[in-house]
Each structure stands twice: as structure tokens, then as C-alpha cells.
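Beneath this line is the structure, given in C-alpha cells, with notes to follow.
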Amino acid sequence: MTHILTIDTGTTNTRVTLWRDGVVIAHQAHEVGVRDTAMTGNREKLQKGVRATLLKTLEQAGLTEDDISLVLGSGMISSNVGLFELPHVLAPAGLQQLARGMVSVTIPEVFAKPLWFVPGVRNVVDNIGLHNCEAMDMMRGEEVEVIGVIDQLGITGPAMMVMPGSHSKFVCIDDKNRITGCVTTLAGELMYVITHNTILAQSLESSFANTISTEMLLAGAKSAQTIGLGRTCFNVRILDQFTIYERNDRANFLLGAILGADLLTLKNSTAIKMLPGTPVIICGKPIMKEALALLIQNDDYFSGKVTVVSDEVQTHLAGLGAIKVATARGLIK
């Protein structure tokens, strides 16, 4: 009987999953992430938070540290503000490259047994300056989610993985299922700031769209691509004061505007190679992935198949991907 703990640490949250012979038997999440290290200047809060989450997961399953065969970490946990800084591997990077890049570290303050970290992936750009900085990008955490999606859906590239969220990622996969590049936007953070901390907060009642309105979503995207994001955002206020459109409609208009800007990134960024016929696979926050699927399907540029990953499939993608990488490394028989 094999028990594996997977740790997925982001900017603000840590999620720990306990697996028994490939099946999830316990899961816990705690509001602690690398933001705490960045704010305090030391790793103590992050160490204590990750340890507490690990122990709570073990308690949920009625197990102890001695029962664990392997501990895997992915995400920002391996960044310069994480538990241990691990260099990115260079694209193109697939299962074998990620496996070779894994590193084992013992951190007694976190767990008695060694922690195996999965590295992130970065684009290859030389002599970065204003002329080519847009071509550079990197990820920590999305690489194992990509591996998880490929495994769960039986994907064979080339494909474009679209992962909307606080920091939306677009990840290019080649015909060998290797990550050849990625690009990041601040879509989710922009949505949050505009919705809560601008003059539009009142027009939106400081709330995001709760259901999709196709007409408003498409109108917002078209507007942003025609007259720019700033003016389109202000039009949310105009819709509030001078029309009968309801709050959810206005929120959809804003959502369309921000995600419409992301489509420009997808089409034009030099960090990835997006061809019109490339299949698109979308996973991430529910309403954002539904909205992006609609926008892509209604954009004449895109002609490839669009697949939206179900909430059920994407529940434990980071852990699934980390286990696949560890298996390729030979850590799991």
C-alpha cells in the first residue's frame, strides 16, 4: 500500500492531497502561500502553514508521517519566495525533462521525510531587452496541471492549453506533448481590481458575473478590441446609468472586455506559437473557462476543436501531474 502526499502551493493558498494507490483519500487547503514570504521577508510562516496543512491532511486520513512513502511539491513552493528555490527547466519540456529536473530536499520544519520538488518551465529568450521581453515567460505549477490534463484526456499534441485564473496562462504543446512555451496575463487580477477598487465597483456591486450572458460577453470583447480596454471598462458605468441592463449583464460586458484582450495575446504573443487550426483545451475557474470557450468559438481566427475540461476532471490536476512526473523519475513503481 503506497501513500503519497502532494503539495500545491500558490501565491495565497496551499493545497495538500493524500493519495493511496492512486486514489484521493484526504484533501486540505490553507490560506498560506508565497505572498507571506514576500511580505515578511522570511519563510517561517510558509513553513508552519505548509506543515499544518500536511498534518491536518494526515489527521483526516488517520495516518502519521511514518505512513507516507513520498512527498511531492509543485507550484510556487519551488520559487525564490517558496520553501526551496529550484531553477526552471527550459522549454521544450515534457514529462522526461520535468522528471530529470526534480530535486529532493529535507526541510525538518515542514516534514520529517524528504520533499521532492517538480521544477517550473520557462521560455528560452536570449539577451532580454525591450525588443524581445514579450517573448519571455515562465510557469510554476501549471506544468504539472498540463501533464495531468494530457493524462486524463489522452491528449496528443499539438494543442494550446488555456488556463484562465488570477494569472491566466496559455501553454503551447507540441506533437511530442512537450511544453514549448507559455504566456501569462493578469486577467483575473484585473477583474478583481476593476470590480472592487475602481469607480465601477458600484455599477458591479463589487461582484463578478454569476452566469454567462452571451450577448454582453461578446459585446464587451468586441468593444475592447475596437476602442481599447480602458474606454470599454468605463462603458460599464454608462450601461449602469443610462440603460436597463442588469448587474450581471454589466459584469459580463467587463468579463468579455478583459478576456477579449486575452484573445489578442493568444493570437499575437511572440511567447507562443498559436496557429488558427490548433486545438484548444480550456481548464480553470468555471465561469472564466466557459466565457473563453464562447469567445474563441465566436472568433473567426480560431478553427481548431475547443475542449472545456470538466470541473470533476480538473479537481486534483496538480497532484495527478506531479505523480506522473515522479513515476517517470522512477520514484513510484
Mind listing whichever residues of the stretch 297-317 are polar (S, T, N, Q) and either open to solvent by 70 Å² or more (accessible area, probe 1.4 Å) or assigned to a loop (DSSP other than H, G, I, E, B) (or both)? Gln297, Asn298, Ser303, Ser310, Gln314, Thr315
For strands (runs of 3 or more DSSP E) lying entirely in the stretch 148-203, having 2 or more residues that are more than 19 Å from Asp311 (Cα to Cα) and out of contact with any Pro (no Cβ under 8 Å at 6 or more places or on another chain) picks out 179-185
Here the residues within the stretch 127-185 that are of a type in the set (Ser, Thr, Tyr), open to solvent by 50 Å² or more (accessible area, probe 1.4 Å) and out of contact with any helix residue (DSSP H, G or I) (no Cβ under 6 Å at 6 or more places or on another chain) are Thr156, Thr180
Which one of these is more than 17 Å from Lys285 (Cβ to Cβ) and surrounded by fewer than 24 Cβ atoms within 10 Å (Cβ to Cβ): Phe253, Phe242? Phe242
Would you mind stating whether Arg231 is in a helix (DSSP H, G or I), of a type in the set (Lys, Arg) and touching a residue at least 24 places away in the same chain (Cβ under 8 Å)? no
Is it fair to say Val50 is under 15 Å from Phe117 (Cα atoms), touching a helix residue (DSSP H, G or I) at 6+ places or on another chain (Cβ under 7 Å) and of a type in the set (Val, Ile, Thr)? no
Out of (1) of a type outside the set (A, V, I, L, M); (2) farther than 25 Å from Leu5 by Cα; (3) open to solvent by less than 50 Å² (accessible area, probe 1.4 Å); (4) in contact with a Leu (Cβ under 8 Å, 6 or more places away or on another chain), the odd one out for Arg122 is which? (3)
Within the set of pairs 6+ apart or on separate chains, which have a first residue in the stretch 99-115 that is at pLDDT 95 or above and open to solvent by 20 Å² or more (accessible area, probe 1.4 Å), a second that is of a type in the set (A, V, I, L, M) and not in a strand (DSSP E or B), and C-beta atoms under 7 Å apart? Val103/Leu86
Going by what's in this entry, would Ala26 be described as open to solvent by 20 Å² or more (accessible area, probe 1.4 Å) and either closer than 18 Å to Thr315 by Cβ or part of a helix (DSSP H, G or I) (or both)? no
So, in the stretch 84-98, of the ones that are in contact with a Ser or Thr (Cβ under 8 Å, 6 or more places away or on another chain) and not small (Gly, Ala, Ser), which residue ends up most open to solvent (accessible area, probe 1.4 Å)? Glu85
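The values are calculated or read from the model by the stated rules, or taken from the named source; none is laboratory data. None of these values were measured; they are calculated from a predicted model. With ideal geometry, Cβ positions are generated from the backbone for all residues, glycine too; neighbour counts draw on all protein chains shown. Just so you know, the surface numbers come from the protein's heavy atoms only, side chains and all, with ligands and any DNA or RNA stripped out. Shrake-Rupley method; radii C 1.70, N 1.55, O 1.52, S 1.80 Å.
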